[in-house]
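Structure first, then comments.
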Amino acid sequence: MKQVKRSDFLIKPFLKRNNLRAFYQIISTIIPIISLWLIVYQIINHSFLLLIKGFLLIPILCLLTLLSSRTFSLMHDCGHNSLFKKRNLNKFFGFLLGLVNGIPQKSWSIDHAFHHRNNGNWEIYKGPIDVLSIEDYNSLSKREKIFYKISRNWIMLFPGGFYYLVLKPRLGLIIIIFNFSKDIVKEFFIKIKNREFSEFLAIKSRVKPPFSDYGDNFSELFELVTNNLIVITGWFFMSKWFGLVFFLTFYSIISTLSAAILICIFFVQHNYKNAYAKNTKNWDIIDGAILGSSNLNIPNWLNWFLADISFHSIHHLCERIPNYNLRACHKANIHLLHQSKFLQLSDFPNCFKYIIWDNKNEKLIPIS
């Protein structure tokens with residue numbers, strides 16, 4: 001079958017960014033979030049029966065979860081510099097949306113860009129859950145194989161979501177502070193032991209990045225610290241306003257469910273039967289975009305909350321296309337996407353079987 005080339009696609013008309021549309025997308029997301037939190041405050045402070053309060057809070061929790069997913073999707077566009085015309089606007093609003101999500105946007109977007117550069121090359125990029133090759137899996141002990149299988153099960157989306165948005169950014173800051181403090185103390189003791197009193201204040205210890213995707217340079221470290229300070233301060237005031245137990249519980253549920261949705265979407269868009277899974281020598285970036293990214297046939301209302309990221313082959317073909325042009329670009333090039341994977345919601349559970357990379361046959365396979 002003839003290989004599709006990038007030049008075959010109609011892309012240029014859909015690259016145009018519109019600041020008014022971008023502002024509208026952010027306002028139409030943030031204002032409902034603020035409004036819903038105000039409604040939550042009224043509900044919990046009203047003299048409703050506890051059962052009625054729960055009945056009223058459940059749909060609000062669902063809406064806040066979906067809106068949180070949308071803020072993450074818009075933050076994702078800012079990371080690609082595709083939401084606004086100017087890079088500085090994308091940086092500014094990406095940072096603000098990172099605060100809403102409780103995650104440093106710059107570090108996340110740099111890590112995500114690596115995914116785009118290597119999608120479909122499973123020798124370099126192991127997917128969202130670090131998929132093992134057959135050889136690596138077979139080298140595990142029986143206990144390690146059980147752990148690997150359980151840790152990649154769909155049920156782990158929920159603890160994984162909680163860790164990803166609530167714990168990991170805070171843990172990153174704690175690790176930085178701990179390691180830096182430990183290194184300084186160690187350096188002081190070495191100087192005392194060696195009687196290097198004249199160099200007592202000449203500190204050589206340096207801050208080290210806590211994770212591969214957090215703090216690889218000064219600007220990322222600065223954003224990690226700034227994000228944490230503002231987010232934790234926000235948590236403090238929200239806890240004073242709503243009550244500590246209620247806010248942390250309600251917020252954690254929203255963040256967990258929102259992250260679970262996003263991780264699930266990201267997973268099924270790259271792990272599925274017959275996904276493009278090449279070694280470096282056989283890999284092609286265009287095939288990686290078209291054959292290594294599934295497109296999701298999901299309801300339009302859900303697409304709105306995901307900022308049309310379901311049109312994923314086109315997004316991988318050119319990440320500079322703003323989300324508000326993805327659908328139109330997808331439709332204009334649909335005749336070139338006949339080899340792409342299209343998934344229904346009912347197909348999602350089956351995707352979680354494909355957690356082993358058969359590097360010899362270059363495909364993803366289930367654990368036998």
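General remarks:
- Using Cβ point charges alone (K and R +1, D and E -1), the dipole size of the chain about the Cα centre works out to roughly 320 debye.
- Of all segments of the chain bounded by GluC sites (Glu not before Pro) found in a DSSP loop with no more than 16 other C-beta atoms within 10 Å, the longest spans 1-195.
- Sorting 76, 335, 46 on solvent-accessible area from highest to lowest, probe radius 1.4 Å, gives 335, 46, 76.
- Most positive-pole-ward Cα, 153, 140, 110, against dipole of the range 54-177 from beta carbon charges: 110
- Expected 222 nm ellipticity per residue - DSSP helices of 4 or more, -39500 (n - 2.57), all of the chain, to 500: -19000 deg cm²/dmol
- When the Cα positions of 52, 27, 63 are compared along the charge dipole of the chain, 27 comes out farthest toward the positive end, with charges on each C-beta of Lys, Arg, Asp and Glu.
- Candidates 307, 113, 289: whichever shows maximal mean-square fluctuation once the chain is modelled as a Gaussian network with Cα springs under 10 Å: 113
- Looking at the range 1-105, the accessible area is 56 square angstrom per residue; that uses a 1.4 Å probe and ignores ligands, DNA and RNA.
- Close amide H partners of residue 83, meaning residues 5 or more places away or on another chain with modelled amide H under 5 Å apart, are 78.
- FRET efficiency, residue 335 to residue 237 (Cβ-Cβ, R0 41 Å, nearest 0.05): 0.20
- Spin-label zone in the range 149-190 - amide nitrogen under 16 Å from a point set 7 Å from the Cα of residue 253 along the C-beta vector: 158-159, 162
- Calculated mean projected area of the Cα convex hull in nm² (choose from (1) 19.8; (2) 17.6; (3) 24.0), label: (3)
- For 156, 238, the ranking by accessible surface with the largest value first comes to 156, 238, using a 1.4 Å probe.
- Residue-normalised accessible area of the range 224-288, expressed per residue, 1.4 Å probe, Å²: 45
- The aspartates and glutamates whose alpha-carbon is closer than 12 Å to the alpha-carbon of residue 85, local same-chain residues fewer than 8 away aside, are 77.
- Within a Gaussian network of the chain (alpha carbon springs, distance under 10 Å), most fluctuating of 50, 336, 83: 50
- Put simply, the amide H of residue 355, placed in the peptide plane, has neighbours under 5 Å in 365, 367, leaving out anything fewer than 5 places away on its chain.
- Whole-Hz couplings from phi, Karplus 6.51/-1.76/1.60, listed for the range 264-281; x for Gly and Pro: 4, 4, 4, 5, 5, 7, 9, 10, 6, 4, 6, 5, 5, 9, 8, 7, 4, 5
- Inter-site label distance for residue 182 and residue 60 at 7 Å from Cα along Cβ, in nm: 4.3
- Among 72, 189, 242, residue whose mean-square fluctuation peaks in a GNM of the chain (springs only between Cα atoms under 10 Å): 189
- The accessible surface of the range 67-175, taken with every protein chain in place and a 1.4 Å probe, is 63 percent carbon and sulfur.
The values are calculated or read from the model by the stated rules, or taken from the named source; none is laboratory data. Worth saying up front: this structure is predicted, and the values here are computed from it rather than measured. Please note: Cβ atoms are built from the backbone with ideal geometry, for glycine as well, and neighbour counts cover all protein chains shown. Calculation scope for accessible area: heavy atoms of the full protein, side chains included, ligands and nucleic acids excluded. Shrake-Rupley method; radii C 1.70, N 1.55, O 1.52, S 1.80 Å.
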